[in-house]
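The values are calculated or read from the model by the stated rules, or taken from the named source; none is laboratory data. Remember, predicted model here, so these are calculated numbers, not experimental data. Quick reminder, even Gly has a Cβ in these numbers, built from the backbone with ideal geometry, and neighbours come from all protein chains shown. Accessible surface is based on the protein model in full, side chains and every heavy atom, while ligands, DNA and RNA are left aside. Shrake-Rupley method; radii C 1.70, N 1.55, O 1.52, S 1.80 Å.
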Amino acid sequence: MVGFINSAASIFLFFGAFAGRFLISATCAKKILKLSNKFQTELRKNLHAEIFNKEISSGEILTLIFETVATFDEFFIKVLPQIFSVIILLPLFLVAAVFTDWITATILLVTLPISPIILFLIGKATAEKNSRAWAELQKLNGEFKEILTAITTLKMFGRIDAAAVKLKSTSEKSSLATLDVLKLAFVSSFALELLTTLSIAIVAVTLGLRLIAGEVEFAAALFLLLIAPEFFAPVRKLGVMFHVVISAKMAIERLEKFLAVKPEKISAIEKLRLPPEIFLQNVSYTYPNKISPVLKNLNLKIPAGKITAIIGESGAGKSTILKLLAGLILPTGGEIFFNELPTSKFQRESLFAKVAYMPQAPKLFDATLSENFSMFGQLETSELEKFLAALNLHLDLKSAKKISRGQLQRLGLIRALLKNSSLIILDEPTAGLDFETEEKVLSLIKKISSRRTIIIATHRQAVINFAENVIKL
């Protein structure tokens with residue numbers, strides 16, 4: 001009678017577990033999908049925020065944003081429910097087995113850890129091949145984008161066929177690397193299926209022999225034979241999706257490497273004395289995908305509150321120095337100091353707020369001239385009119401039409417000056433201008449130079465004579 005009660009209780013518990021599983025699956029499916037979408041959206045936001053803070057190839061960032069982040073979709077939808085099943089259902093089935101027959105429960109408990117151990121060993125073997133597959137995919141993305149960007153040039157010089165052969169070779173390597181990972185995933189699934197089948201077979205044979213010997217009731221044996229496959233089902237399903245788990249693990253490692261937490265930055269606004277004195281200490285810089293450095297172990301001192309001209313032959317690194325000082329690129333070696341503070345410790349947003357930068361070729365955005373002038377904040381109309389008059393510029397501010405190269409040069413200068421920064425960096429501000437206009441530009445720079453550090457890269461003799469400090473590279 002006691003055996004029947006125990007068996008009945010186990011059967012009720014068994015069917016209760018089944019009912020609970022379906023209820024949980026139905027309730028959680030939508031929430032898991034929403035969680036997956038939210039998680040991927042947050043990851044992509046973080047990746048977008050870091051794009052301009054890292055030296056990274058376009059192929060790598062495309063792989064991270066699309067391929068790597070999309071890996072988690074499959075993990076959330078397929079793997080996460082099975083993890084919940086392992087956590088919730090395995091203990092329930094084990095408790096039911098204990099109440100029915102403790103010997104069978106012991107066999108289930110002893111054979112269960114074998115599968116995770118095998119999965120762990122296979123996972124270690126898969127990790128290296130997964131890394132190789134990701135590297136090949138990243139290379140394929142980069143080369144594909146490079147070919148798309150240069151397709152017009154390749155067509156002009158008849159190099160389309162050669163580019164196609166190169167892309168095909170990279171694609172084949174990527175496919176082979178991915179196939180290696182899938183082979184291991186298949187082996188892991190087969191090994192797990194074999195182990196769980198053997199475990200169920202051990203339970204079945206043991207129960208059959210004990211049933212013949214009269215050591216166990218038929219109802220209990222039948223119940224345990226039914227429960228044994230369901231006991232191992234969550235583990236088997238995890239094994240089938242093992243490559244998804246490994247891919248998610250590798251994706252997390254890659255994203256952690258890219259989104260590594262940086263040391264706490266100093267607020268440049270609060271700590272920096274203005275205008276700053278600038279020091280470059282053993283600064284080197286090599287552009288991505290280049291071998292030779294543009295700058296190597298450069299040491300410079302730029303005085304505070306002065307107009308400094310940086311001169312030198314074309315290719316000497318003048319524009320690179322200005323981009324480094326503006327925070328647009330980061331040194332590959334050495335350190336830049338504003339006063340005694342290293343810029344590597346600054347919050348980049350805080351640094352940008354205190355620096356006005358004018359490139360060699362200012363950008364005219366697809367907007368009205370008024371909006372082009374006011375891109376750094378609230379437009380002070382009276383100050384803008386004063387600058388326009390000083391440079392003899394007569395423009396329709398409500399218009400969005402194209403302007404001449406000389407007008408664009410002066411627009412870029414005024415845009416930088418309107419930012420009202422204590423550090424102004426100008427790259428060839430008078431290039432292409434006639435002597436009279438150049439004089440007006442220099443006169444305007446002189447008027448606003450009080451309590452500002454102004455750095456100008458130039459080839460023009462008039463600017464060199466105008467500067468209070470000259471640095472020759």
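Among the criteria (1) open to solvent by 10 Å² or more (accessible area, probe 1.4 Å); (2) modelled with pLDDT under 75; (3) more than 23 Å from GLU436 (Cα to Cα), the one SER350 does not fulfil is (1). Looking at this structure, is LEU47 within 30 Å of ILE329 (Cβ to Cβ), open to solvent by less than 70 Å² (accessible area, probe 1.4 Å), at pLDDT 70 or above and not β-branched (Val, Ile, Thr)? Judged against the criteria, LEU47 is a match.
Residue count for the range 440-455 under the criterion of being of a type in the set (Lys, Arg) and in contact with a Gly (Cβ under 8 Å, 6 or more places away or on another chain): the result is 2.
For every residue, the table says whether it meets (1) open to solvent by 30 Å² or more (accessible area, probe 1.4 Å); (2) within 20 Å of ASP427 (Cβ to Cβ); (3) of a type in the set (A, V, I, L, M); (4) at pLDDT 85 or above.
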residue: SER292; (1), (2), (3), (4): yes, no, no, no
residue: THR308; (1), (2), (3), (4): no, yes, no, yes
residue: LYS318; (1), (2), (3), (4): no, yes, no, yes
residue: LEU325; (1), (2), (3), (4): no, yes, yes, yes
residue: GLU335; (1), (2), (3), (4): yes, no, no, yes
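Of the residues making up the range 353-366, those that are of a type outside the set (S, T, N, Q) and either surrounded by fewer than 17 Cβ atoms within 10 Å (Cβ to Cβ) or in contact with a Cys (Cβ under 8 Å, 6 or more places away or on another chain) (or both) are ALA353, ALA361, LYS363, LEU364, PHE365, ASP366. Among the residues of the range 385-394, is any part of a helix (DSSP H, G or I) and acidic (Asp, Glu)? Yes, there is a match, as at least one residue in the range 385-394 is part of a helix (DSSP H, G or I) and acidic (Asp, Glu). Looking at the range 397-448, which of the residues that are over 37 Å from the mean Cα position of the chain (by Cα) and small (Gly, Ala, Ser) is nearest to ILE311 (Cα to Cα)? Among those residues, the one meeting the criterion is ALA431.
Could you tell me whether LEU369 is in contact with a Gly (Cβ under 6 Å, 6 or more places away or on another chain), within 22 Å of ILE448 (Cβ to Cβ) and either crowded, with 17+ Cβ neighbours inside 10 Å or of a type outside the set (A, V, I, L, M) (or both)? Here the answer is no, as LEU369 does not meet what is asked.
Does LYS38 count as modelled with pLDDT of 70 or more and among the basic types (Lys, Arg)?
yes
Considering the range 421-473, the qualifying strands (runs of 3 or more DSSP E), each wholly inside and each with 2 or more residues that are modelled with pLDDT under 90 and surrounded by fewer than 21 Cβ atoms within 10 Å (Cβ to Cβ), run over 469-472.
Which ones in the range 256-290 are at pLDDT below 70, of a type in the set (Val, Ile, Thr) and under 21 Å from GLU340 (Cβ atoms)? Those that are at pLDDT below 70, of a type in the set (Val, Ile, Thr) and under 21 Å from GLU340 (Cβ atoms): ILE266, ILE269.
Right, SER382: assigned to a loop (DSSP other than H, G, I, E, B) and either crowded, with 21+ Cβ neighbours inside 10 Å or among the hydroxyl-bearing types (Ser, Thr, Tyr) (or both) or not?
Answer is no for this residue.
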